[in-house]
Amino acid sequence: CHMKGDPRGFICPLCMKVYVTPTDLSEHYQNEHTGTEGRQENIKNIEASLLEHV
């Protein structure tokens, strides 16, 4: 996977796709992975994982 900028990026914990910005990841997650039980908990987990990248 060749990406410009930070090669680590932000990885979706559910499908492992890599995004350049936390906003891209958040939008992807809301569009692709919402509508299930425990959604809010999953979003909290993503926010926690984003903090680890800072």
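Placing dummy labels 7 Å off each Cα toward the beta-carbon, the span from L51 to H28 is 2.2 nm.
Taking other C-beta atoms within 10 Å as the exposure proxy, L51, L25 rank L51, L25 from fewest upward.
Exposure proxy for K17, K44: other Cβ atoms within 10 Å of each Cβ, ordered fewest to most, give K44, K17.
Within the shell of other residues whose beta carbon sits under 14 angstrom from the beta carbon of K17, the net charge comes to -2, with Lys and Arg scored +1 and Asp and Glu -1.
Any read-out appearing in this document is the output of simple, stated calculations on the displayed coordinates, not a laboratory observation. Small disclaimer: the values here were computed from a predicted structure and weren't measured. Positions of Cβ are generated from backbone atoms using ideal geometry, with glycine treated the same way; all protein chains shown enter the neighbour counts.
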